[in-house]
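The values are calculated or read from the model by the stated rules, or taken from the named source; none is laboratory data. Not measured: the values here are computed from a predicted model. Cβ atoms come from the backbone with ideal geometry, glycine included; neighbour counts cover every protein chain shown. We work out accessible area using only protein heavy atoms, side chains counted, and drop any ligands, DNA or RNA first. Shrake-Rupley method; radii C 1.70, N 1.55, O 1.52, S 1.80 Å.
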Amino acid sequence: MRRENERIVYRTDFDKYVLISNFERLGWTRSTDEDFDIYWASVHNVRGLFNPEVLSKRLRDGQVVNHFPNHYELTRKDLMARNIKRYRRERERQALQEQAEESLSSFASFAARKKGQSEPNLSMPQVDRVPPEWVPATYSLPNDYAIFVEEFRKSPNSTWIAKPTGKAQGRGIFLVSKLNQLKRWSNAPKEKNQQGQPLPFREPYIISRYISNPLLVGGKKFDMRLYVLVTSYRPLKVFLYRGGFCRFCVEQYSTDVAEIDNIFVHLTNVAIQKQAEDYNEQHGGKWAISDLMLFIESTRGRAASEKLASDMEQIIVPWAACGRGHTDIARSLHQ
């Protein structure tokens, strides 16, 4: 570990101007060997670089890397959905155990009072809950197709949103209000490998129940982008950046079936919205989170604003915690 007055030494496996320029502005020194404080690895290389199964690199005390090797368990849509479901099942089992322990505690307390003894301490730790409204029903395609169809037929008037698991910037997203609309996925051209040959399987998608009554600002749909840093899983350490921003659609929100394919109504991705004729280049259809909080407080009261801020923090905790089941590689970063 370096002394307080020594310069931080970094290493990186890819050159990106915004990264290198900021490191240089901070006076950090670049390394090409194993003597570094921070290894800034690309998301594609980090797993191979720090994979315990192939005796690759290890971190010494005082060294850090910018990604957990298995970060995709929380950053890929289908894996995140699977891990949240697993986390919820674990918490439900623990809640049942709590109830059994509580019943045992009540019986023991009753028995102790009958005998004139002091009551035993059988208290259980609090369990992190994931309210069902925080995570809409989600299924993976093609694996969960039959289960999804069964759920869809229970509420045939509901709308669902389908997203490719490995794409970003709104590419490939569409809404589904009828089963035959899934033909956009099943009949789509198959993905190709590096040699340009079609893959033998359909592109994996997730499909979630669409939130049809979102909070609107000025009649427009928006989402929030928050910046979260997870530095450790054992113990779990999570930091929430106070900044962040909202991304707005250009057009007024509508549940009209005629607008179901209108991406400027439903998709908040900037890469999508900037293609609209009315897109504002100056502010980019964005609000700071602080502006949203002021809007909520002025229209719904301070209590609503404070509850929103609290809920935003509370939803991050189970999201980060659901990755605990996949921290073997993270624990192996250090020998």
With every protein chain present, what accessible area does S254 have (1.4 Å probe, heavy atoms only), rounded to the nearest 10 Å²?
30 Å²
So, over other residues within a Cβ distance under 11 Å of N143, counting Lys, Arg +1 and Asp, Glu -1, the net charge is 0
What is the gain in length, in nm to one decimal, between A276 and A288 on full extension, counting 0.36 nm per residue of separation less the C-alpha to C-alpha distance?
2.2 nm
Using only protein heavy atoms and a 1.4 Å probe, report how much of K274 is accessible, in Å² to the nearest 10.
120 Å²
On a C-alpha basis, how far is the centre of segment 141-192 from the centre of segment 240-300 in Å? Whole number, if you could?
24 Å
So which GluC sites (Glu not before Pro) in segment 15-91 end up in coil per DSSP with only 13 or fewer other C-beta atoms within 10 Å?
E34
Non-local residues with an amide H under 5 Å from the amide H of T165, with H modelled 1.01 Å from N and Pro and chain starts lacking one, are Y205, I206
For N51, which sequence-distant residues (separation of 5 or more, or a different chain) have an amide H within less than 5 Å of its own amide H, given hydrogens modelled in the peptide plane?
S56, K57
